[in-house]
Amino acid sequence: MSTEVQTEIGVRDARAAGRTDAATARTRPETPDARLRPNETAPPAAPSVDGAAFEAAGRSRRLLRSVLMAGGVILVAVGSLVFWLESGRYATTDDATIGAAKVLVSTDVSGLVSSVNVREGQTVKAGQVLFQVDPLQFQIARDSAKANLNEVALNIRSMKETYKELLSNVESQKAQVELDRVTNERNASLVANNDVARQVYDQSRYTLLLDQARLKSLQQQAEVQLASLDGNADIRVEDHPLYRQARAAVDEAQRQLDHATVRAPFDGVVTQVDALQPGTYLVAQTATLTSTGAVALVSTSDVWVSAQMKETELTYVKPGDRVDVTVDTYPGLTWKGTVESISPASGSEFSILPPENSSGNFVKVVQRIPVKIAIDRTAGEPVLRAGMSVYVSIDTGHRRSLRDLF
């Protein structure tokens, strides 16, 4: 549309509006105010019924607004007070995980793995065989130890008989010495009267000395033999130190033979089984340091929650407090539990490099204290696996009071 056309339309609209205003002025009734002189002021008009109602409605709205504002402030204050009173009762954290008893099951004897009796993820009972080390070498060692034990028992019995023989020889030698003494004394009196030759007396005297020395030797041999019997001639073979030593060797050989069969120490689920294969040579000293010398076992019954609580939230937490546990894997389900123990030290105290703040130049960080929570287990519930993330809420039973504000 051109500019001239738009201008012409605007002029026609303005003329029409002017005629409408003039017509309205002619039809409007003449009021007293219209006849006032130019310097006179019109008296105030009386309020109409509609104006009074509008003013009353305004006052009502202003009053309602004031009430709502005051009520909102009171409601926020009361809500804040209630929240403050209740907020000191529960200690919560999401820095928590499921924990379970777990161990790398191996053995302290070295040898070739002859068989693996479980598979990955299998549930086992305590005492069930996990794998077997070739037992032949341990059977040979046990049989050799048993043979040595029997030989030691025979030697001890022989020692006891030898001691008895020595005692008998000592008694015989004592009689011989007594005879030599009497003969020597007789020859001494005879040689004094020249009734026997000097040579006879000397022979009897040296014979006495020789038999006395032989008696002393026999007595020493008997003492040595008694000492080998632990000072007790009537000692039982089983009580002799040599027999006990040989018995210990048999027990050790039997222990090694028993440990050649590796069994589960508790109920659980086995894992990391595929790395252990028959024919692998298991070295006892490094078995648990490699993936080829052990089977991992995770308990299915000894399960708990390990929560890393802030030190500022442990003011009223104590063993025995009830706990609600929510597992991320199972939304909507809640387990009940009980605070079992609170660690005597923070987690950083057990780190390889504990914090050192002796220089005074440090940043204060809220420490985490491990809290162990026992879970109430029921039949048919979902499986709780070690390492799952959980959220815990500990009911300390503590309630704040208004006196704490003052």
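The values are calculated or read from the model by the stated rules, or taken from the named source; none is laboratory data. Predicted model, so just to flag it, every value in this text is computed and none were measured. So basically every Cβ, Gly included, is an ideal-geometry build from the backbone, and we count neighbours across all protein chains shown.
In table form, for the structure just shown:
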item: Any hit, region 331-338, residues being outside any strand (DSSP E or B), under 30 Å from Thr92 (Cα atoms) and of a type outside the set (Gly, Ala, Ser); result: yes
item: Enumeration of residues in region 296-321 that are of a type in the set (Lys, Arg) and either at pLDDT 95 or above or part of a loop (DSSP other than H, G, I, E, B) (or both); result: Lys318
item: Subset of region 202-257 (residues that are small (Gly, Ala, Ser), crowded, with 16+ Cβ neighbours inside 10 Å, under 53 Å from the mean Cα position of the chain (by Cα) and modelled with pLDDT under 95); result: Ser228
item: Residue within region 377-390 that is closer than 16 Å to Asp94 by Cα, modelled with pLDDT of 95 or more and exposed (fewer than 15 other Cβ atoms within 10 Å of the Cβ) present; result: yes
item: Residues (β-branched (Val, Ile, Thr), buried (at least 17 other Cβ atoms within 10 Å of the Cβ) and in a strand (DSSP E or B)) located in region 98-111; result: Ile98, Val105
item: Residue ID - surrounded by the most Cβ atoms within 10 Å (Cβ to Cβ), chosen from residues in region 151-181 that are among the polar types (S, T, N, Q) and free of Cβ contacts under 8 Å to residues at least 40 places away in the same chain; result: Gln176
item: Any hit, region 178-193, residues being touching a helix residue (DSSP H, G or I) at 6+ places or on another chain (Cβ under 8 Å), under 27 Å from Gly231 (Cα atoms), at pLDDT 90 or above and assigned to a helix (DSSP H, G or I); result: no
item: Qualifying residue in region 361-373 (condition: of a type outside the set (A, V, I, L, M, F, W, C), within 23 Å of the chain's Cα centre (by Cα), at pLDDT below 90 and within 20 Å of Thr315 (Cβ to Cβ)); result: yes
item: Residues within region 114-169 that are of a type in the set (A, V, I, L, M) and over 30 Å from Gly293 (Cα atoms), tallied; result: 9
